[in-house]
Amino acid sequence: MATNHQEDKADPPPSGDETFGASAGAVVVSPSMAKPKWHAPWKLYKTVINDHRGWIRCCAVEPGNKWFGTGSADSVIKIWDLASSELKVSLTGHVSSVRGLAFSKRHPYLFSCGEDGQVKCWDLEYNKVIRHYHGHLSAVYSLALHPSIDVLVTAGRDSTGRVWDMRTKTNIHTLVGHTDTVASVICQSAEPQIVTGSHDCTIRLWDLAAGKSIATLTNHKKSVRALTFHPSLYMFASASPDNIKQWKCPEGKFIQNLSGHNAIVNCLAVNKDGVLVSGAHNGTMHLWDWRTGYNFQRLQAQVQPGSMDCEAGVFSITFDMSGTRMITTKADKTIEVYKEDETATEETHPVDWRPDIKRRKY
């Protein structure tokens, strides 16, 4: 949180603005940022130069933490061993760029969506498609699985989100309200169970039972391309070229801006340790302390030899199930794995903490 409230019982109760202590004779306290928690810097651990023949748009780690999948503009999904980075299998079936992947926690299923407008369910015991979900009128950019019921949510260029019964392939709800491409959708068990971010610069919170929007957040000035829930706090973050913003559930209360990543932010990820990572079109990755919004590290992805500088773009960032490895996929057709620098200490990498009294500004 951005404001640091005094908890000293001996202080007289403030009259008026409690943040500024406006009572007569009281010391005026400016709202200041709490001191950030120290996080070890992350460093590149491994680069997987693979045989994907297009931009790698998405990545997902399976619940057992043994392997992960990537989807590319070459329309192929590839499954990799997480420990060795060896290619296990290639899945073909899409006819255009694969934009979203999600592994089921309760079934041996992988779900995929793409610019061909198709949504597929793959049985990973047989490595083949067992279900198609028909209904989107254009490219499907994002999908998410509900963590506790057999529901799949997809969203895309037709400005809608669609809620599917995973087993019967029934389109339960069509989430209508956005006026432009829905670039990101996320799910959780508590309300709001579905959150969508769109190129119309808004974020919508949805009632899953009614299939209706319960709140529209209009704080962003530019398109919202990425959303992520915090794994343990009842909060989520959204990314736009103007700011990364944090929100508190269930009503979507604005908490704070994370400013400084002045680029088109394609992806967000956060681990249990409170490390939030944002990745952008220009290859920059910023690492933030979730609680305070302190930007403790900035990374610049390097392009592979033979690639152009404009191909440094980071399209997806995914933490493994332990939160200790970070997988990024890029426009230069590579996958990079990052880990925390085990040699770093608070002395070698001190927190450069400068309280910012303007942090709560919209």
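Residues in the stretch 297-313 that are under 19 Å from the mean Cα position of the chain (by Cα), of a type outside the set (Lys, Arg) and closer than 26 Å to VAL351 by Cα: GLN297, LEU299, GLN300, ALA301. Residues that are under 18 Å from the mean Cα position of the chain (by Cα) and closer than 12 Å to ILE149 by Cβ were ranked within the stretch 162-190; the one that is surrounded by the fewest Cβ atoms within 10 Å (Cβ to Cβ) is SER189.
Okay, residues lined up against (1) more than 21 Å from THR154 (Cβ to Cβ); (2) of a type outside the set (A, V, I, L, M, F, W, C):
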residue: VAL182; (1), (2): no, no
residue: TRP206; (1), (2): no, no
residue: GLY211; (1), (2): no, yes
residue: THR216; (1), (2): no, yes
residue: PHE236; (1), (2): no, no
residue: ALA239; (1), (2): no, no
residue: GLY252; (1), (2): yes, yes
residue: GLY260; (1), (2): yes, yes
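With the checklist (1) touching a Leu at 6+ places or on another chain (Cβ under 7 Å); (2) in contact (Cβ under 8 Å) with a residue 60 or more places away in the chain; (3) small (Gly, Ala, Ser) in hand, flag the one item SER278 doesn't pass. For SER278, the exception is condition (2).
Residue check: is THR70 in contact with a strand residue (DSSP E or B) (Cβ under 6 Å, 6 or more places away or on another chain) and over 19 Å from SER316 (Cα atoms)? The answer is no for THR70. In this structure, does PHE103 turn out to be in contact with a Pro (Cβ under 8 Å, 6 or more places away or on another chain) and either modelled with pLDDT of 95 or more or under 15 Å from ILE327 (Cβ atoms) (or both)? Against the criterion (in contact with a Pro (Cβ under 8 Å, 6 or more places away or on another chain) and either modelled with pLDDT of 95 or more or under 15 Å from ILE327 (Cβ atoms) (or both)), PHE103 qualifies.
Pairs meeting the criteria (first residue in the stretch 201-220 and at pLDDT 95 or above and assigned to a strand (DSSP E or B), second residue surrounded by fewer than 21 Cβ atoms within 10 Å (Cβ to Cβ) and among the acidic types (Asp, Glu), beta carbons under 7 Å, at least 6 apart or on different chains) are ILE214/ASP207; ALA215/GLU251.
Just checking, does the stretch 213-221 include any residue being over 12 Å from the mean Cα position of the chain (by Cα), surrounded by 20 or more Cβ atoms within 10 Å (Cβ to Cβ) and of a type outside the set (A, V, I, L, M, F, W, C)? Checked the stretch 213-221: at least one residue is over 12 Å from the mean Cα position of the chain (by Cα), surrounded by 20 or more Cβ atoms within 10 Å (Cβ to Cβ) and of a type outside the set (A, V, I, L, M, F, W, C). Please enumerate the residues belonging to the stretch 153-195 that are among the hydroxyl-bearing types (Ser, Thr, Tyr), more than 21 Å from PHE103 (Cβ to Cβ) and in contact (Cβ under 8 Å) with a residue 12 or more places away in the chain. Hits for the stretch 153-195 are SER159, THR160, THR174, THR179, THR181.
From the residues in the stretch 81-107 that are open to solvent by less than 50 Å² (accessible area, probe 1.4 Å) and β-branched (Val, Ile, Thr), which one is farthest from the chain's Cα centre (by Cα)? If we take residues in the stretch 81-107 being open to solvent by less than 50 Å² (accessible area, probe 1.4 Å) and β-branched (Val, Ile, Thr), then VAL89 is farthest from the chain's Cα centre (by Cα).
Table: residues versus (1) closer than 25 Å to ILE186 by Cα; (2) in contact (Cβ under 8 Å) with a residue 60 or more places away in the chain.
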position: MET321; (1), (2): yes, yes
position: GLU342; (1), (2): no, yes
position: VAL351; (1), (2): no, yes
position: ARG354; (1), (2): no, no
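Of all residues in the stretch 49-77, which are open to solvent by 10 Å² or more (accessible area, probe 1.4 Å), more than 19 Å from ASN266 (Cα to Cα) and assigned to a strand (DSSP E or B)? Scanning the stretch 49-77 gives ILE49, TRP67, VAL76.
The values are calculated or read from the model by the stated rules, or taken from the named source; none is laboratory data. Values in this document were obtained by computation on a predicted structure and should not be read as measured data. Using ideal geometry, Cβ is built from the backbone for each residue, glycine included, and neighbour counts are taken over all protein chains shown. Surface areas here come from the heavy atoms of the whole protein model, side chains and all, with no ligands, DNA or RNA. Shrake-Rupley method; radii C 1.70, N 1.55, O 1.52, S 1.80 Å.
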